[in-house]
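Reading through the structure tokens given below for one structure.
What follows draws every value from the coordinates through simple rules; no lab data is involved. Just so it is clear, the model here is predicted, and its values are computed rather than measured. No Cβ is skipped: glycine too gets one built from the backbone with ideal geometry, and neighbour counts run over all protein chains shown.
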Amino acid sequence: MPSTLPKQSAIAPLISSAFAERSKEYLFIVGCARSGTSVIFNYFSECDDVFLLNEDNAFFPSSGHGFCRRYNKQWESMGKVRSKGYFIPEICKSDDYWFDVYIGLKNYYGIVGSKLAFGPHGEEYWRDIDLYFPEFFSKYFIGAHFLLTSRSPSEAIYSMSKLFPGHAFGTYKNVWIKSLQMQLMVFGSLPRSRFVFHDSLSFELLESITRDLGIAHPEKGNSFLTSRENCLSYVNEESLSLVTADLGEQQELAQLERAFAFLRKDVDSFSGRAKPEVHRQEFTRAFWFELEKIRATRDAMFELA
């Protein structure tokens with residue numbers, strides 16, 4: 001193991017305390033792939049006083065020494081030009097840890113954070129998310145702002161199949177379910193979290209979020225939104241049939257659609273928060289376990305009062 005790990009663990013309590021005290025100055029966009037995370041990320045990247053990293057995966061155990069160098073190399077290898085969100089500037093040293101990068105960026109920007117879009121990236125990827133994602137954010141960012149993007153399972157699954165082709169329907173289904181379960185953990189325990197529904201995205205909604213954060217909206221913010229009719233991943237029954245090959249898969253998808261309808265029923269579309277009559281923690285706990293039933297078996301029925 002690298003000799004730097006003991007050093008990091010030794011100062012972990014100080015890091016945790018420092019971030020917890022100022023965590024409301026951080027923003028995270030979290031959602032299933034193809035659910036609107038990139039739209040919101042691009043919008044906030046145009047805000048002068050915001051700096052968001054894209055898929056930095058700071059909570060992974062591999063985010064040790066050399067965080068900045070690895071991040072820049074990752075996006076450079078994918079052909080991204082050195083631009084805001086895809087390149088950590090020299091205000092942060094190349095061998096820093098994630099927390100040094102965040103603190104370094106905070107010296108120049110009012111709000112710092114990252115975007116995370118869960119995808120079909122294998123068992124090890126999801127094992128690390130289960131192990132480290134909830135603990136990381138509850139430990140360091142208890143007061144941070146979280147935008148939890150959510151899209152109907154039919155549209156998200158079809159769109160994922162176009163971006164990440166070659167997987168079975170069950171893989172896309174589990175990504176949608178596991179993504180929502182991670183979001184429910186955040187929604188039920190971190191107070192400054194809100195859902196942002198893909199079909200409710202609008203300039204007015206994004207502008208209201210910037211107001212809540214106390215920052216000015218970007219001048220060309222409206223240019224990031226595309227009408228659903230012109231969206232490349234817009235789904236219909238014919239296109240979806242290419243992903244759901246048999247009756248069992250269609251029944252599973254119908255279960256997920258009922259789950260999504262349940263979520264929409266109890267979460268306000270514009271504010272993204274639980275409706276007044278809903279107890280957030282009880283709602284998220286019960287919903288999480290019902291999703292686990294659907295993920296585990298085809299025969300489970302989604303029934304919530």
Exercise. Using amide H atoms built 1.01 Å from N in the peptide plane, name the residues 5+ places from residue 88, or on other chains, whose amide H lies under 5 Å from its own.
Key: 72
Quiz item: What list do you get for 266, 130 if you sort them by fewest beta carbons within 10 Å?
Solution: 130, 266
Quiz item: Taking a threshold of 27 Å on the Cα-Cα distance, which of the pairs 106/275; 139/162; 115/178; 173/265; 73/178; 80/162 fall above it?
Solution: 106/275; 139/162; 73/178
Quiz prompt | Taking 189, 17 and counting other C-beta atoms within 10 Å, the order from fewest to most | solution = 17, 189
Exercise. Within 10 Å of each residue's Cβ, count the other Cβ atoms and sort 100, 246 from fewest upward.
Key: 246, 100
